[in-house]
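Down below is the structure, laid out as structure tokens.
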Amino acid sequence: MPSRGAAPGFKRKGRNRYWIARQIVRDPMGFPDACIPLPADADDAEIASLCQNHTARLRAWIDEQKRAAAAAGVDPKLRTRYDGTVESACRIYQEHPLSRFHKVKHNTRKTYVKDLRLIEATVGRRLIRNVTILDVQHWYDEWRKPVEPGAPERIDRAHDAVAMFRTVIYFNAALRNADCKVLAAELERVKFEKGGARDQELTLQHATAFIKTAMEFEQKGIMPPGRALRVAIGTIAQFELLLRQMDIIGEWADKDATRKLPAGITRLELDGEIWTGFFTWENIAGWRWRMKTSKSKYRAAADFDLTKYTLLLPLLEAVPLAERTGAVVIGAKGLPVRRDMYARWFRQIARAAGIPDEVWNMDARAGGATEADEAGAALEAIQGALTHTKESTTLRYLRRGRSKQIGQVAEARSAKRATDHGPSEQS
């Protein structure tokens, strides 16, 4: 039998001989070949050579894990060890330095965390080796149930949670956890219902009512001075300019979520957070605004002459000259508004204006696109204004597109009948 110094990791169990990673280090950091059987007919020199090679691979793996952890800002000592449970798989997906969890935008990561918490809280202690497709279908049904009897089913919630569970299992399968590989193969063969596309819109009538109510809030002091006006500016800018909410209010992120910023975007640092945004007073000087939208990866620029937007311009002009600095849409303490505050203040004004709760702030963009479609704007022009690369995406924003098509079909059939039969036959 070779000496331990000559054959690191060597261990004999009865007549069988193995190389074991934990004989080298206490934490092999997920090394996929934790226990390797050694040939029964190998002599001591061959055993020593094999053990040294396996140990070198282990050391290289650990070094790579540490480098990746340092690059991702993750402490490798705090990483969860896989114990076969759903919870440990979820934690590994969040902690592993090579996980895509660390590469998505911070707001996307927040939605991931929400889904992961739901999974951990409800099925976290389940052993993956005992989980079947029937179990996952049952979880989907449970996650889909309404908050209370009579309330709408939470289809998107259930679909997103199952999609995240798939992601977790696929990632752990890539780490060669055998039970995850089995379940991953089974999950590839099933699909789960997803909620339909939104069909709500903020109409022109809603927009004008929102403006009127916001100005009443200002006059009556229902909100702090200037707050309702700024929320109205943000909402109407989304409606008029067909821009995403993020393009108008910007976004707050942790400092570790920074990225290379293009020209024209403003950056503000505050207490470990960073705000970035385009819609600032400095960028719209002379009521001209050239910017690059958030979803175009800063490739295509949009140029707006704000004097052409009859709902938005009066709101901008209502802001006193002394306050026209920094972000246009501001929240508490004069700082750029945060997404949750913006949504809360929008809802307060919207309810007072008689706008249904089913209509969200984000529906302003679809409402503007639908209005343009009904006004006769070409689909290609609307697609360009929305900065969509695919026509199919634009069609989803035209909320009344289907009813319009149905009407066109009815008109075409009536016209054909009139041509075929003539007025005398129809009387």
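The values are calculated or read from the model by the stated rules, or taken from the named source; none is laboratory data. For clarity, every value in this text was computed on a predicted model and none was experimentally measured. For neighbour counting, all protein chains shown are included, and Cβ atoms are generated from backbone atoms with ideal geometry for every residue, glycine included. Calculation scope for accessible area: heavy atoms of the full protein, side chains included, ligands and nucleic acids excluded. Shrake-Rupley method; radii C 1.70, N 1.55, O 1.52, S 1.80 Å.
Here the ratio of the Cα radius of gyration of the range 1-106 to 2.2 N^0.38 Å is 1.29. Its Cα gyration tensor gives the range 173-257 an equivalent ellipsoid, and the semi-axes of that ellipsoid, as √(5λ) in whole Å with the largest first, are 46, 19, 11. Any chance you could give the angle, 0 to 90 degrees and rounded to 10, that helix 363-374 forms with the longest Cα principal axis of the chain? For 363-374 against the chain, the angle is about 50 degrees.
Seen against the Cα atoms of the chain and their longest principal axis, helix 106-123 is set at about 60 degrees.
When the Cα convex hull of the range 1-55 is projected onto planes of every orientation, the mean area is 3.5 nm².
Of the listed values (i) 23.1; (ii) 21.9; (iii) 32.6, grab the one calculated as mean projected area of the Cα convex hull in nm² from the structure here. Comparing each candidate, only (iii) matches the computed number. Let me test this: with uniform point scatterers at the alpha carbons of the range 94-212, what is the Debye-based log₁₀ I(q)/I(0) at q = 0.16, 0.17, 0.19, 0.21 1/Å? Taken in order of the listed q values, log10 I(q)/I(0) reads -0.86, -0.94, -1.11, -1.28. Around the Cα centre of the chain, unit charges on the Cβ atoms of Lys, Arg, Asp and Glu (plus for the first two, minus for the last two) sum to a dipole of about 1220 debye.
Gyration tensor analysis over the Cα atoms of the range 315-398 returns equivalent ellipsoid semi-axes of 29, 18, 13 Å (largest first, whole Å). Using C-alpha pairs under 8 Å with a sequence gap of at least 6, the mean separation divided by the residue count of the range 298-386 gives a relative contact order of 10 percent. For the range 285-379, the solvent-accessible area with a 1.4 angstrom probe is 53 square angstrom per residue. Inter-label distance, Thr310 to Lys114: 3.8 nm, where each label sits 7 Å from its Cα along the C-beta direction.
Placing unit charges on each Cβ (+1 for Lys and Arg, -1 for Asp and Glu) gives the chain a dipole about its Cα centre, and among Val329, Trp275, Ile92 the Cα reaching farthest toward its positive end belongs to Ile92. Contact order, relative form, for the range 138-278: 12 percent (alpha carbon pairs under 8 Å, 6 or more residues apart, mean separation divided by residue count).
Expressed per residue, the C-alpha convex hull volume of the range 115-164 stands at 76 Å³. Both radii are taken from the alpha-carbon atoms of the range 146-221; with Rh as the Kirkwood radius, Rg/Rh is 1.33. Relative contact order of the chain, taken over Cα pairs closer than 8 Å and 6 or more residues apart, is 11 percent. For Lys114, the aspartates and glutamates whose Cα comes closer than 17 Å to its Cα, not counting residues fewer than 8 places off in the same chain, are Glu87, Glu95, Glu142, Asp156, Asp160, Asp340.
For the chain, leaving out every one of the GluC sites (Glu not before Pro) that falls in a DSSP loop and has at most 16 other Cβ atoms within 10 Å, the longest unbroken run is 194-357.
Determine the calculated [θ] at 222 nm for the chain from helices alone, applying -39500 (n - 2.57) to every DSSP H run no shorter than 4 residues and normalising by the residue count; nearest 500 deg cm²/dmol.
Theoretical 222 nm ellipticity from helices: -15500 deg cm²/dmol.
Placing +1 on the Cβ of every Lys and Arg and -1 on the Cβ of every Asp and Glu, with nothing else charged, gives the range 87-182 a dipole about its Cα centre of roughly 440 debye. Among Ala301, Leu241, Thr167, whose Cα lies farthest out toward the positive end of the dipole of the chain, if unit charges sit on the beta carbon of Lys, Arg (+1) and Asp, Glu (-1)? In the chain, that residue is Thr167.
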